[in-house]
């Protein structure tokens, strides 16, 4: 998909997402998710691997990868959906491909299908240049709530 596939693309919404993901909730804040780049239907995010994210065996907990993927799965949609709408994850699948012990997780999310009601997003997560997780998920696009009268 390219920019013309996203007629509702809002550069201001994309700009607001750049940087820390603190506004997305306490889990994103705890993980210290950084939104590195945001574009029409794409989002690059990073999480630095820290000791508190590792299992007692020294590997990154799979839940960290899952939380990162779930976060970018919905967040990538906001600049390309109607202002005030929101994205609710309905399902996603992870393939955990390699263990992670140090460095950073670099997630690239790309909207591969978008309708007025759903989006399908593909996510690749790399660690030090190697693919460690491949994911795909679906979000339900919820329309803006009508103003209260």
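Taken together, the criteria place residue 55 among residues that are within 22 Å of residue 98 (Cβ to Cβ) and over 13 Å from the mean Cα position of the chain (by Cα).
Scanning segment 64-85 for residues that are out of contact with any helix residue (DSSP H, G or I) (no Cβ under 9 Å at 6 or more places or on another chain), without any contact (Cβ under 8 Å) to a residue 60 or more places away in the chain and surrounded by fewer than 19 Cβ atoms within 10 Å (Cβ to Cβ) yields a single hit, 66. Can you name every residue in segment 86-106 that is closer than 30 Å to residue 145 by Cα and loosely packed, with under 13 Cβ neighbours inside 10 Å? Selection gives 88, 90, 91, 93.
Every read-out reported here was derived from the displayed coordinates using simple, explicitly stated rules and does not represent laboratory data. Computed from a predicted model, the values in this text were never measured in an experiment. Cβ atoms come from the backbone with ideal geometry, glycine included; neighbour counts cover every protein chain shown.
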